[in-house]
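Below: the structure, in structure tokens.
The values are calculated or read from the model by the stated rules, or taken from the named source; none is laboratory data. As the structure is a prediction and not an experimental result, all values here were calculated from the model. Using ideal geometry, Cβ is built from the backbone for each residue, glycine included, and neighbour counts are taken over all protein chains shown. Heads up: the accessible areas ignore ligands, DNA and RNA and are worked out on the full protein's heavy atoms, side chains in. Shrake-Rupley method; radii C 1.70, N 1.55, O 1.52, S 1.80 Å.
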Amino acid sequence: MQIILGITGGIAAYKSAELARLLANQGHRVRCILTEAGARFITPLTLTSLTGEPCFGANPDQGEWRANPSIEHIELARWADLVAVVPATANILGKTANGLATDLLSTVLLATRAPVLWAPAMNTGMWEHPAVQANIARLRAFGHAVVEPGEGTLACGEEGSGKLAEVVAIAEAIQMHGTPKLRSLRGRRVLITSGPTREDLDPVRTLTNRSTGAMGIELARAFRDVGAQVQLVLGGDLPAPWGVETLRVRSAQQMLEACEARWADSDGLVAAAAVADQRPEALAPEKVKKGDGPETLVLVRTPDILARLSAARRADQWVLGFAAESEKHLEQAAAKLVKKGLDAVLVNDVQDGRAFGAQANTLTPVTAQGPHPPLGPLAKDQLARAVVQWWAHRLEARESGR
Ligand SMILES: Cc1cc2nc3c(=O)[nH]c(=O)nc-3n(C[C@H](O)[C@H](O)[C@H](O)COP(=O)(O)O)c2cc1C
């Protein structure tokens, strides 16, 4: 994505350097525009060095406007896939809400047709002022996105709202608002399961597996970014993704109950969790001590979540399953597809520990038509986007009767 990062005159401007670096590391092209007040807090040299792109706007060497035959503000407005203002002062919010263009950044903000995202930061009194709130409401009515400031101790010493949102959350919001929406998934409710389940033996021991939940979390992000309303039922310890309603569960039974409560309201299911097939027959209330006799663990079957949800589905709902197989993975995926009545199984070959937590991964979609060309090898975030694109195309083809 090509991102214009506007930086205005607030203390939080130092955090925009970290954001610029994070976005550049994620593979985006980032061009910064500093206001005159912003340039008092952070320098073009820092931003240019971090992004590898020129920095525009207030510049002690060149002033606000550079002599440039290409008309800089229009060129930048057209170049951007998204314009983000981080941090956004009360001043820039007020100017843009009222159509004022007094410097390069405010002019680009009026000229651009790209999505605009604001991350305001200011003193609590300023943030709560009716004029600022009215400007925010106006910008939202223009279709702009606002990443609300959080609460905390502000640089001015006050406690309250007005603190710049976390840089990682702003980066996620930029990814989401800058991603083109897909017709077949926009506004659709997608239920995603992810992560390992944990089946407790006693208060200190548990049976689990090597899944981390990383793939399901990336799928949740990728569905979110193309416009789906995602509900994630998540096992394991990884942090929940921003902007996704997440319910944390521990055991297979808890995962089943969470999914059953949400399934009727969903348009589709993506079952990426690595659910335990067995659990200990009994949960010991106290820690089990070493004994003299043979150590035997009696296991019983856990509910088959995917089969249960698939059996309860309506004709308008779709179901994607995942499989991790260490041998004959395509045959096993085809068998799972039929046995559980799925629309597709995305299978990965987990021989030699591949796929679990590892960075690059390959998934092969298997449908009633047979195996499709493999997606990958790709890093999990890119692989998740490839899965979403693949599935959206199939949904579109299905909707248009092709
Ligand atoms: C030390 C200092 C910190 C400031 N912090 C903020 C801030 O966090 N948020 C804000 O809206 N204004 C803040 N201001 C006021 C803005 O810098 C001022 O309104 C300026 O005109 C904004 O210009 P700009 O929007 O073009 O960057 C601060 C001013 C100073 C001197």
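Values computed for the structure shown
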quantity	calculated
Every pair of residues 6+ apart whose Cβ atoms lie under 9 Å, when the first sits in the range 378-402 and is outside any helix (DSSP H, G or I) while the second is hydroxyl-bearing (Ser, Thr, Tyr) and surrounded by 14 or more Cβ atoms within 10 Å (Cβ to Cβ)	378/362
Residue, nearest to residue 78 (Cα to Cα), within the range 113-135, restricted to residues that are within 24 Å of the chain's Cα centre (by Cα), within 13 Å of the ligand (Cβ to nearest atom) and outside any loop (DSSP other than H, G, I, E, B)	118
Filter result (touching a Phe, Trp or Tyr at 6+ places or on another chain (Cβ under 9 Å) and either open to solvent by less than 30 Å² (accessible area, probe 1.4 Å) or within 17 Å of residue 226 (Cα to Cα) (or both)) within the range 156-169	160, 161, 162, 169
Sole exception among (1) free of Cβ contacts under 8 Å to residues at least 12 places away in the same chain; (2) buried (at least 23 other Cβ atoms within 10 Å of the Cβ) for residue 45, by number	(2)
Scope the range 288-320; condition more than 25 Å from residue 396 (Cα to Cα) and surrounded by 18 or more Cβ atoms within 10 Å (Cβ to Cβ); matching residues	302, 305
Any hit, the range 269-277, residues being surrounded by 18 or more Cβ atoms within 10 Å (Cβ to Cβ) and in a helix (DSSP H, G or I)	no
Qualifying residue in the range 221-228 (condition: assigned to a loop (DSSP other than H, G, I, E, B), in the same structural domain as residue 244 (by TED's automatic domain parsing) and basic (Lys, Arg))	no
Odd one out for residue 186, checked against (1) at pLDDT 95 or above; (2) within 19 Å of residue 13 (Cβ to Cβ)	(2)
Matching option when the condition is within 16 Å of the ligand (Cβ to nearest atom) and either crowded, with 23+ Cβ neighbours inside 10 Å or in the same structural domain as residue 65 (by TED's automatic domain parsing) (or both), among 39, 24, 20	39
In the range 1-12, residue nearest to the ligand (Cβ to nearest atom) [restricted to those that are of a type outside the set (Val, Ile, Thr) and surrounded by fewer than 24 Cβ atoms within 10 Å (Cβ to Cβ)]	9
Filter pass, residue 141 being of a type in the set (Gly, Ala, Ser), open to solvent by 60 Å² or more (accessible area, probe 1.4 Å), more than 16 Å from the ligand (Cβ to nearest atom) and farther than 22 Å from residue 1 by Cα	yes
Any hit, the range 340-350, residues being modelled with pLDDT under 85, under 19 Å from residue 385 (Cβ atoms) and surrounded by 14 or more Cβ atoms within 10 Å (Cβ to Cβ)	no
Of all residues making up the range 81-97, the number that are open to solvent by 10 Å² or more (accessible area, probe 1.4 Å) and either under 15 Å from residue 57 (Cβ atoms) or within 13 Å of the ligand (Cβ to nearest atom) (or both)	5
Meets criteria (crowded, with 16+ Cβ neighbours inside 10 Å and at pLDDT 95 or above) for residue 131	no
Number of the condition not met by residue 257 [criteria: (1) part of a helix (DSSP H, G or I); (2) within 11 Å of the chain's Cα centre (by Cα); (3) without any contact (Cβ under 8 Å) to a residue 24 or more places away in the chain]	(2)
Strands (runs of 3 or more DSSP E) wholly inside the range 1-65 that include at least 3 residues being modelled with pLDDT of 95 or more	2-7, 29-34
Scope the range 210-248; condition within 18 Å of residue 308 (Cβ to Cβ) and open to solvent by 20 Å² or more (accessible area, probe 1.4 Å); matching residues	231, 247
Hits in the range 98-112 - residues which are part of a loop (DSSP other than H, G, I, E, B) and within 9 Å of the ligand (Cβ to nearest atom)	102, 103
Number of positions in the range 242-254 that are part of a loop (DSSP other than H, G, I, E, B) and at pLDDT 95 or above	4
